[in-house]
1. At a Cα cut-off below 18 Å, give the lysines reachable from K14, other chains included and same-chain residues fewer than 8 away excluded.
2. What are the ³J(HN,Hα) values, in whole Hz, obtained from phi via the Karplus relation 6.51 cos²θ - 1.76 cosθ + 1.60 with θ = phi - 60°, for each residue of region 62-71 in sequence order, with x given for Gly and Pro?
3. Pairs on different chains or at least eight residues apart, Cα atoms closer than 27 Å: how many lysine pairs in region 188-310 fit?
4. Would you list K73, K79 from the most to the least accessible area, probe 1.4 Å?
5. Can you give the accessible area per residue of the chain, in Å², using a 1.4 Å probe?
6. Report the Cα centroid-to-centroid distance between region 136-159 and region 249-271 in angstrom, as an integer.
7. Determine the relative contact order of region 188-310: mean sequence separation of Cα pairs under 8 Å and six or more apart, normalised by residue count, in whole percent.
8. Of the accessible area of the chain, with the probe set at 1.4 angstrom, what percent is carbon plus sulfur?
Amino acid sequence: MKTSSKEVQDSVKKLFEDGRISHFIGYEAGSDSLRVTPCFLKSGQTVSRLVWNPLCANNLAKYLLDLRKVEGKVGILVKGCDSRSVVELLKENQIERDRVFIVGVPCSGIVDGEKLLAVLGISPGDVVAVEDGGDAFLVTTREGKRRVRKEQVLRGECLVCRYPTPVIYDVLLGEAIPSLPWVRDDYSLVRELEELSAEEKARYWNRELSQCIRCYACRNVCPVCNCPECIFDKKAPRWLSKANDISENLVYHLIRAFHVAGKCVDCGECERACPMGIPLRRLNKKVEKDLLELFGYTAGIDVEQQPPLTKYQVGDLDEFL
Ligand code: SF4
Ligand code: SF4
Ligand code: SF4
(Lines give C-alpha, C1' and ligand atoms only; values in the text may rest on other atoms or scores of the structure.)
(Ligands and ions follow the chains in the order given, each with its own letter.)
Protein backbone atom coordinates (compact mmCIF):
# COMPACT_ATOMS: atom_id res chain seq x y z
CA MET A 1 0.00 0.00 0.00
CA LYS A 2 2.73 2.38 -1.01
CA THR A 3 0.40 4.98 -2.50
CA SER A 4 -0.13 7.72 0.08
CA SER A 5 -3.22 9.74 0.97
CA LYS A 6 -1.37 12.82 -0.30
CA GLU A 7 -0.88 11.25 -3.74
CA VAL A 8 -4.61 10.47 -3.92
CA GLN A 9 -5.49 14.03 -2.81
CA ASP A 10 -3.12 15.66 -5.35
CA SER A 11 -4.36 13.49 -8.18
CA VAL A 12 -8.04 14.17 -7.42
CA LYS A 13 -7.40 17.91 -6.99
CA LYS A 14 -5.85 18.01 -10.48
CA LEU A 15 -8.78 16.11 -11.97
CA PHE A 16 -11.18 18.73 -10.55
CA GLU A 17 -8.95 21.62 -11.68
CA ASP A 18 -8.70 20.21 -15.21
CA GLY A 19 -12.48 19.85 -15.36
CA ARG A 20 -12.19 16.09 -15.92
CA ILE A 21 -14.57 15.18 -13.09
CA SER A 22 -17.53 16.84 -11.41
CA HIS A 23 -17.71 14.50 -8.40
CA PHE A 24 -15.36 12.07 -6.68
CA ILE A 25 -16.01 9.00 -4.55
CA GLY A 26 -13.20 8.00 -2.20
CA TYR A 27 -12.54 7.36 1.49
CA GLU A 28 -12.26 9.61 4.54
CA ALA A 29 -11.51 9.03 8.22
CA GLY A 30 -14.36 7.32 10.06
CA SER A 31 -15.84 7.52 13.52
CA ASP A 32 -12.79 5.86 15.14
CA SER A 33 -9.18 5.12 14.20
CA LEU A 34 -10.06 1.62 13.00
CA ARG A 35 -12.59 2.83 10.45
CA VAL A 36 -12.76 4.76 7.23
CA THR A 37 -15.99 5.70 5.53
CA PRO A 38 -17.02 6.56 1.95
CA CYS A 39 -16.44 10.21 1.04
CA PHE A 40 -18.28 12.13 -1.68
CA LEU A 41 -16.69 15.29 -3.08
CA LYS A 42 -18.15 17.91 -5.38
CA SER A 43 -15.06 20.09 -5.67
CA GLY A 44 -11.28 20.07 -5.40
CA GLN A 45 -11.50 22.41 -2.37
CA THR A 46 -12.17 19.51 -0.03
CA VAL A 47 -9.67 16.87 -1.25
CA SER A 48 -7.81 17.05 2.06
CA ARG A 49 -10.61 14.86 3.45
CA LEU A 50 -9.47 11.93 1.31
CA VAL A 51 -7.47 9.09 2.83
CA TRP A 52 -5.91 5.90 1.50
CA ASN A 53 -4.72 3.35 4.07
CA PRO A 54 -5.07 -0.37 5.01
CA LEU A 55 -8.53 0.28 6.49
CA CYS A 56 -10.15 1.28 3.17
CA ALA A 57 -12.34 -1.81 2.93
CA ASN A 58 -15.55 -0.50 1.31
CA ASN A 59 -16.15 -1.38 -2.31
CA LEU A 60 -17.25 2.03 -3.59
CA ALA A 61 -18.44 0.72 -6.96
CA LYS A 62 -21.97 0.26 -5.64
CA TYR A 63 -22.35 4.06 -5.53
CA LEU A 64 -21.84 4.24 -9.30
CA LEU A 65 -25.39 2.96 -9.64
CA ASP A 66 -26.44 6.47 -8.56
CA LEU A 67 -24.65 8.04 -11.53
CA ARG A 68 -27.96 8.84 -13.18
CA LYS A 69 -28.72 11.25 -10.32
CA VAL A 70 -25.77 13.56 -11.06
CA GLU A 71 -24.45 15.57 -14.00
CA GLY A 72 -20.94 15.20 -15.38
CA LYS A 73 -18.24 12.63 -14.93
CA VAL A 74 -17.72 10.89 -11.62
CA GLY A 75 -14.27 9.91 -10.39
CA ILE A 76 -13.90 6.87 -8.18
CA LEU A 77 -11.05 5.26 -6.25
CA VAL A 78 -10.81 1.50 -6.82
CA LYS A 79 -8.69 -1.33 -5.48
CA GLY A 80 -8.23 -4.54 -7.48
CA CYS A 81 -11.43 -6.24 -6.31
CA ASP A 82 -13.48 -3.04 -6.65
CA SER A 83 -12.26 -2.56 -10.23
CA ARG A 84 -13.55 -6.03 -11.08
CA SER A 85 -17.02 -5.06 -9.92
CA VAL A 86 -16.79 -1.95 -12.12
CA VAL A 87 -16.11 -4.36 -15.01
CA GLU A 88 -19.27 -6.27 -14.08
CA LEU A 89 -21.32 -3.04 -13.95
CA LEU A 90 -20.03 -2.14 -17.43
CA LYS A 91 -20.87 -5.60 -18.76
CA GLU A 92 -24.43 -5.25 -17.57
CA ASN A 93 -24.76 -1.71 -18.97
CA GLN A 94 -25.47 -0.46 -15.46
CA ILE A 95 -23.00 2.39 -16.02
CA GLU A 96 -21.56 4.15 -19.05
CA ARG A 97 -17.77 4.01 -19.34
CA ASP A 98 -17.49 7.65 -20.46
CA ARG A 99 -19.33 8.86 -17.33
CA VAL A 100 -16.70 7.38 -15.00
CA PHE A 101 -13.07 8.31 -14.35
CA ILE A 102 -11.39 5.39 -12.62
CA VAL A 103 -8.49 6.13 -10.28
CA GLY A 104 -6.83 2.78 -9.55
CA VAL A 105 -4.70 2.01 -6.49
CA PRO A 106 -2.63 -1.17 -6.24
CA CYS A 107 -3.62 -2.78 -2.94
CA SER A 108 -1.54 -4.99 -0.69
CA GLY A 109 -4.28 -6.01 1.68
CA ILE A 110 -6.89 -4.59 4.03
CA VAL A 111 -6.94 -5.09 7.79
CA ASP A 112 -9.65 -7.09 9.49
CA GLY A 113 -10.22 -4.89 12.55
CA GLU A 114 -11.51 -7.70 14.78
CA LYS A 115 -8.52 -9.93 14.01
CA LEU A 116 -6.16 -7.03 14.67
CA LEU A 117 -7.66 -6.29 18.09
CA ALA A 118 -7.57 -9.99 19.01
CA VAL A 119 -3.92 -10.44 17.96
CA LEU A 120 -2.78 -7.30 19.80
CA GLY A 121 -5.08 -7.87 22.78
CA ILE A 122 -6.29 -4.26 22.72
CA SER A 123 -9.63 -2.45 22.35
CA PRO A 124 -10.68 -0.18 19.46
CA GLY A 125 -9.98 2.99 21.46
CA ASP A 126 -6.30 1.96 21.82
CA VAL A 127 -5.60 2.21 18.08
CA VAL A 128 -4.28 5.54 16.78
CA ALA A 129 -3.34 4.64 13.19
CA VAL A 130 -2.64 1.67 10.91
CA GLU A 131 -0.06 1.91 8.12
CA ASP A 132 1.27 -0.43 5.50
CA GLY A 133 4.75 -1.69 6.29
CA GLY A 134 5.38 -4.13 3.44
CA ASP A 135 4.88 -7.65 4.80
CA ALA A 136 3.42 -6.27 8.05
CA PHE A 137 1.04 -3.60 9.28
CA LEU A 138 2.48 -0.89 11.51
CA VAL A 139 -0.05 -0.14 14.20
CA THR A 140 0.32 2.98 16.31
CA THR A 141 -1.39 2.40 19.66
CA ARG A 142 -1.59 4.58 22.75
CA GLU A 143 1.25 2.47 24.17
CA GLY A 144 3.54 2.84 21.13
CA LYS A 145 4.14 1.27 17.73
CA ARG A 146 3.47 -2.44 17.10
CA ARG A 147 4.26 -4.52 14.02
CA VAL A 148 1.80 -7.27 13.01
CA ARG A 149 2.41 -9.81 10.25
CA LYS A 150 -0.17 -9.26 7.52
CA GLU A 151 -1.19 -12.90 7.22
CA GLN A 152 -2.40 -12.82 10.85
CA VAL A 153 -4.84 -9.96 10.41
CA LEU A 154 -5.87 -9.63 6.75
CA ARG A 155 -9.48 -9.82 5.65
CA GLY A 156 -10.47 -13.23 4.29
CA GLU A 157 -10.77 -12.07 0.67
CA CYS A 158 -7.30 -10.47 0.84
CA LEU A 159 -5.75 -13.79 1.89
CA VAL A 160 -6.81 -15.27 -1.46
CA CYS A 161 -6.67 -12.19 -3.70
CA ARG A 162 -5.32 -12.75 -7.22
CA TYR A 163 -5.99 -9.21 -8.49
CA PRO A 164 -4.41 -6.66 -6.14
CA THR A 165 -3.89 -4.25 -9.04
CA PRO A 166 -7.02 -2.81 -10.65
CA VAL A 167 -7.87 -4.49 -13.96
CA ILE A 168 -9.41 -1.30 -15.38
CA TYR A 169 -8.44 2.33 -14.71
CA ASP A 170 -7.84 5.73 -16.30
CA VAL A 171 -4.93 6.47 -14.01
CA LEU A 172 -3.00 4.15 -11.72
CA LEU A 173 -1.47 5.68 -8.58
CA GLY A 174 1.65 3.73 -7.66
CA GLU A 175 3.32 0.66 -9.08
CA ALA A 176 1.31 -2.38 -10.11
CA ILE A 177 1.49 -5.33 -7.70
CA PRO A 178 1.58 -8.52 -9.80
CA SER A 179 0.72 -10.88 -6.93
CA LEU A 180 0.53 -11.09 -3.15
CA PRO A 181 3.11 -13.39 -1.51
CA TRP A 182 0.73 -15.10 0.94
CA VAL A 183 -1.83 -16.27 -1.65
CA ARG A 184 -1.70 -20.06 -2.10
CA ASP A 185 -5.00 -21.93 -2.29
CA ASP A 186 -7.96 -19.73 -3.29
CA TYR A 187 -10.48 -22.41 -2.37
CA SER A 188 -9.30 -24.05 0.85
CA LEU A 189 -12.48 -22.86 2.65
CA VAL A 190 -14.64 -24.41 -0.06
CA ARG A 191 -12.69 -27.67 -0.17
CA GLU A 192 -13.26 -28.20 3.56
CA LEU A 193 -17.00 -28.08 2.99
CA GLU A 194 -16.90 -30.16 -0.19
CA GLU A 195 -15.40 -33.00 1.80
CA LEU A 196 -18.42 -33.20 4.13
CA SER A 197 -21.30 -35.61 3.51
CA ALA A 198 -24.62 -34.20 2.22
CA GLU A 199 -26.09 -34.44 5.76
CA GLU A 200 -23.10 -32.63 7.28
CA LYS A 201 -23.31 -29.89 4.64
CA ALA A 202 -27.03 -29.47 5.34
CA ARG A 203 -26.33 -29.26 9.09
CA TYR A 204 -23.58 -26.69 8.51
CA TRP A 205 -25.68 -24.39 6.32
CA ASN A 206 -28.83 -24.82 8.40
CA ARG A 207 -26.86 -23.79 11.47
CA GLU A 208 -25.31 -20.76 9.75
CA LEU A 209 -28.34 -19.55 7.84
CA SER A 210 -30.78 -20.00 10.72
CA GLN A 211 -28.99 -17.02 12.31
CA CYS A 212 -29.87 -14.77 9.35
CA ILE A 213 -32.26 -11.98 10.32
CA ARG A 214 -32.93 -11.10 6.63
CA CYS A 215 -31.88 -7.51 7.06
CA TYR A 216 -30.71 -7.64 3.40
CA ALA A 217 -27.51 -5.75 4.20
CA CYS A 218 -25.60 -8.35 2.15
CA ARG A 219 -27.77 -7.61 -0.87
CA ASN A 220 -27.77 -3.86 -0.39
CA VAL A 221 -24.01 -3.55 -0.17
CA CYS A 222 -23.23 -5.89 -3.07
CA PRO A 223 -22.20 -4.04 -6.25
CA VAL A 224 -23.34 -6.85 -8.54
CA CYS A 225 -26.74 -7.18 -6.82
CA ASN A 226 -28.20 -4.33 -8.80
CA CYS A 227 -31.61 -5.17 -10.25
CA PRO A 228 -33.76 -2.00 -10.25
CA GLU A 229 -36.49 -4.06 -8.60
CA CYS A 230 -35.33 -6.97 -6.45
CA ILE A 231 -37.57 -10.04 -6.43
CA PHE A 232 -37.33 -10.15 -2.64
CA ASP A 233 -39.10 -6.76 -2.47
CA LYS A 234 -41.92 -7.70 -4.83
CA LYS A 235 -45.38 -8.02 -3.33
CA ALA A 236 -47.01 -9.70 -6.35
CA PRO A 237 -46.00 -12.31 -7.02
CA ARG A 238 -44.48 -12.70 -3.58
CA TRP A 239 -41.45 -14.96 -3.95
CA LEU A 240 -40.52 -14.95 -0.30
CA SER A 241 -42.54 -14.38 2.84
CA LYS A 242 -41.40 -12.14 5.66
CA ALA A 243 -41.16 -15.19 7.93
CA ASN A 244 -37.71 -15.49 9.39
CA ASP A 245 -37.27 -19.27 9.35
CA ILE A 246 -34.67 -21.60 7.92
CA SER A 247 -36.72 -22.55 4.87
CA GLU A 248 -37.29 -18.93 3.77
CA ASN A 249 -33.70 -18.03 4.65
CA LEU A 250 -32.38 -20.88 2.50
CA VAL A 251 -34.49 -19.72 -0.44
CA TYR A 252 -33.17 -16.18 -0.07
CA HIS A 253 -29.53 -17.24 0.04
CA LEU A 254 -29.76 -19.80 -2.76
CA ILE A 255 -31.54 -17.36 -5.09
CA ARG A 256 -29.04 -14.63 -4.30
CA ALA A 257 -26.08 -16.99 -4.81
CA PHE A 258 -27.37 -17.85 -8.29
CA HIS A 259 -28.17 -14.23 -9.11
CA VAL A 260 -24.58 -13.22 -8.43
CA ALA A 261 -23.10 -16.37 -10.04
CA GLY A 262 -20.54 -15.32 -12.62
CA LYS A 263 -20.66 -11.73 -11.36
CA CYS A 264 -19.38 -12.04 -7.78
CA VAL A 265 -15.79 -10.77 -7.57
CA ASP A 266 -15.16 -11.84 -3.95
CA CYS A 267 -14.86 -8.29 -2.66
CA GLY A 268 -16.15 -9.60 0.69
CA GLU A 269 -18.58 -6.72 1.24
CA CYS A 270 -21.59 -9.00 1.90
CA GLU A 271 -19.75 -10.86 4.65
CA ARG A 272 -18.34 -7.63 6.11
CA ALA A 273 -21.80 -6.03 6.24
CA CYS A 274 -23.53 -9.03 7.84
CA PRO A 275 -24.42 -8.21 11.45
CA MET A 276 -24.72 -11.94 12.27
CA GLY A 277 -21.24 -12.96 11.11
CA ILE A 278 -22.54 -15.48 8.55
CA PRO A 279 -19.71 -16.83 6.32
CA LEU A 280 -21.33 -15.74 3.04
CA ARG A 281 -18.08 -15.84 1.06
CA ARG A 282 -18.03 -19.62 1.48
CA LEU A 283 -21.23 -19.91 -0.51
CA ASN A 284 -20.16 -17.49 -3.22
CA LYS A 285 -16.67 -19.02 -3.47
CA LYS A 286 -18.23 -22.45 -4.09
CA VAL A 287 -20.17 -21.04 -7.04
CA GLU A 288 -17.04 -19.20 -8.24
CA LYS A 289 -15.02 -22.44 -8.05
CA ASP A 290 -17.65 -24.41 -9.99
CA LEU A 291 -17.78 -21.78 -12.74
CA LEU A 292 -14.01 -21.87 -13.02
CA GLU A 293 -13.88 -25.67 -13.19
CA LEU A 294 -16.87 -26.10 -15.50
CA PHE A 295 -16.44 -23.12 -17.82
CA GLY A 296 -12.94 -21.76 -17.19
CA TYR A 297 -14.66 -18.50 -16.25
CA THR A 298 -13.57 -15.80 -13.81
CA ALA A 299 -15.75 -12.75 -13.17
CA GLY A 300 -14.64 -9.15 -13.50
CA ILE A 301 -11.67 -9.56 -15.81
CA ASP A 302 -12.90 -8.68 -19.27
CA VAL A 303 -15.81 -6.37 -20.18
CA GLU A 304 -16.46 -8.39 -23.35
CA GLN A 305 -16.76 -11.75 -21.56
CA GLN A 306 -20.34 -12.73 -20.67
CA PRO A 307 -21.06 -14.83 -17.54
CA PRO A 308 -21.70 -18.47 -18.51
CA LEU A 309 -25.20 -18.49 -16.99
CA THR A 310 -26.35 -15.58 -19.15
CA LYS A 311 -25.38 -16.90 -22.57
CA TYR A 312 -26.70 -19.74 -24.71
CA GLN A 313 -24.95 -21.60 -27.49
CA VAL A 314 -26.67 -23.89 -29.98
CA GLY A 315 -24.40 -26.80 -28.96
CA ASP A 316 -25.24 -26.52 -25.23
CA LEU A 317 -26.60 -29.67 -23.57
CA ASP A 318 -30.33 -29.33 -23.03
CA GLU A 319 -31.43 -32.62 -21.44
CA PHE A 320 -32.83 -30.68 -18.50
CA LEU A 321 -35.39 -28.88 -20.70
S1 SF4 B 1 -9.27 -8.51 -2.19
FE2 SF4 B 1 -7.32 -7.82 -3.09
S3 SF4 B 1 -7.70 -5.83 -4.00
FE4 SF4 B 1 -9.42 -6.31 -2.67
S5 SF4 B 1 -8.94 -5.35 -0.72
FE6 SF4 B 1 -8.14 -7.42 -0.58
S7 SF4 B 1 -6.02 -7.37 -1.34
FE8 SF4 B 1 -7.02 -5.45 -1.91
S1 SF4 C 1 -26.55 -9.42 6.00
FE2 SF4 C 1 -26.50 -11.32 7.19
S3 SF4 C 1 -28.32 -11.24 8.49
FE4 SF4 C 1 -28.60 -9.70 6.89
S5 SF4 C 1 -29.74 -10.80 5.25
FE6 SF4 C 1 -27.57 -11.00 4.77
S7 SF4 C 1 -26.93 -12.94 5.71
FE8 SF4 C 1 -28.89 -12.35 6.64
S1 SF4 D 1 -21.68 -11.40 -3.42
FE2 SF4 D 1 -20.45 -10.47 -1.77
S3 SF4 D 1 -18.32 -10.88 -2.35
FE4 SF4 D 1 -19.59 -11.17 -4.19
S5 SF4 D 1 -19.56 -9.20 -5.25
FE6 SF4 D 1 -21.36 -9.23 -3.91
S7 SF4 D 1 -20.67 -8.25 -2.01
FE8 SF4 D 1 -18.82 -8.81 -3.17
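The values are calculated or read from the model by the stated rules, or taken from the named source; none is laboratory data. From a predicted model like this one, the values you see are computed outputs, not experimental measurements. Positions of Cβ are backbone-derived with ideal geometry, glycine not excepted, and every protein chain shown enters the neighbour counts. Only protein heavy atoms, including side chains, enter the accessible area calculation; ligands, DNA and RNA are left aside. Shrake-Rupley method; radii C 1.70, N 1.55, O 1.52, S 1.80 Å.
1. List returned: K6, K42, K73.
2. Result, ordered by residue: 4, 5, 5, 5, 8, 3, 5, 7, 10, 8 Hz.
3. Count of close lysine pairs: 12.
4. So, going from the largest accessible area down, we get K73, K79.
5. 51 Å²
6. That distance is 29 Å.
7. Relative contact order of region 188-310: 28 percent.
8. 52 percent
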